[in-house]
1. Residue under question is Val69, and the condition is that it be of a type in the set (A, V, I, L, M), at pLDDT 95 or above and touching an Asp or Glu at 6+ places or on another chain (Cβ under 8 Å); does it hold?
2. Which of the numbered conditions does Ser16 fail, given that it passes all the others? Conditions: (1) farther than 20 Å from Glu122 by Cα; (2) not assigned by TED's automatic domain parsing to the domain that holds Leu164.
3. Residues to consider are Tyr131, Tyr121, Tyr98; find the one that is part of a strand (DSSP E or B), free of Cβ contacts under 8 Å to residues at least 40 places away in the same chain and not small (Gly, Ala, Ser).
4. Assuming Glu75 fulfils every condition listed in (1) within 18 Å of Ser46 (Cβ to Cβ); (2) surrounded by fewer than 17 Cβ atoms within 10 Å (Cβ to Cβ); (3) under 27 Å from the mean Cα position of the chain (by Cα); (4) acidic (Asp, Glu) apart from one, which condition is it?
5. Check Arg88, Arg80, Arg48 and return the single one that is within 24 Å of Asn133 (Cβ to Cβ) and not aromatic (Phe, Trp, Tyr).
6. Which residue is modelled with the highest pLDDT, if the candidates are limited to the range 34-66 and must be among the acidic types (Asp, Glu) and within 34 Å of the chain's Cα centre (by Cα)?
7. When the residues of the range 124-146 are filtered to those that are basic (Lys, Arg) and farther than 15 Å from Ala43 by Cβ, which remaining residue is surrounded by the most Cβ atoms within 10 Å (Cβ to Cβ)?
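The values are calculated or read from the model by the stated rules, or taken from the named source; none is laboratory data. Everything numeric here is computed off the predicted structure, so don't read it as measured data. Every residue, glycine among them, receives a Cβ derived from its backbone with ideal geometry; neighbour counts consider all protein chains shown.
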Amino acid sequence: MRLWLGTLRQWHWISSALCLAGMLLFAVTGITLNHAGQIEGKAQVSSRIEQLPKSLQELLLADAPVEGVPTELAEWLEDRLGIRPDGREAEWSEGELYVGLPRPGGDAWLSLDLVAGELEYEVTDRGWIAYFNDLHKGRHTGMAWSWFIDLFAVACVVFCVTGLLLLHRHAAGRPGTWPLTALGVVIPVLLALLFIH
């Protein structure tokens, strides 16, 4: 029994340590998301117009792409604008390219007219609160963050289940344990039933 309890405590403190930063992030962003209408944020929009180098323009015109971003263009975009369009959906239509570049806390897009060789790039930054809110939602965050959220959720489940088992173990000496635990279940259920339509 003592070994089982020691293992349970170990799983509980390890999962709590792993969850600490994530739980703080998700708790704070839960508040900011819940009050998004009251938290004013001004989007900052910046745009640039660039001219493709003649050699690159001629190369693309000679072998007009129909999908994806050609390697030469991708390298120029990274060099000139710091954009990495790899993995993004590129829409080609009659010598024009459009690439959406959404990201947490903002948005961006680029449009290229091959015939004119003109590229327009626009970036919208909605600020740090929007950035963290998007992390909370997993919006435009990529595969690595998606995996983090899943693993974090598993660690939270371990933390909660081991906490419940520890509550059960020590409940006899703490008479308020089960009424408080029940209250933690009943309050959200009642709020959902009575006030959410």
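1. Numbers: of a type in the set (A, V, I, L, M): yes; at pLDDT 95 or above: no; touching an Asp or Glu at 6+ places or on another chain (Cβ under 8 Å): yes.
No, not satisfied.
2. Every condition holds for Ser16 apart from (2).
3. Details: Tyr131 fails: part of a strand (DSSP E or B); Tyr121 fails: free of Cβ contacts under 8 Å to residues at least 40 places away in the same chain.
Unique residue meeting the criteria: Tyr98.
4. Result: Glu75 fails condition (1) only.
5. Unique residue meeting the criteria: Arg88.
6. Just the residues of the range 34-66 that are among the acidic types (Asp, Glu), to begin with: 40, 50, 58, 63.
From the residues that got through so far, the ones that are within 34 Å of the chain's Cα centre (by Cα) too are 40, 50.
Details: Glu40: 77, Glu50: 95.
It comes out as Glu50.
7. Residues of the range 124-146 that are basic (Lys, Arg), as a first pass: 126, 137, 139.
Add one more test, that the residue is farther than 15 Å from Ala43 by Cβ, and what stays is 137, 139.
Details: Lys137: 12, Arg139: 14.
Out of the qualifying residues, it is Arg139.
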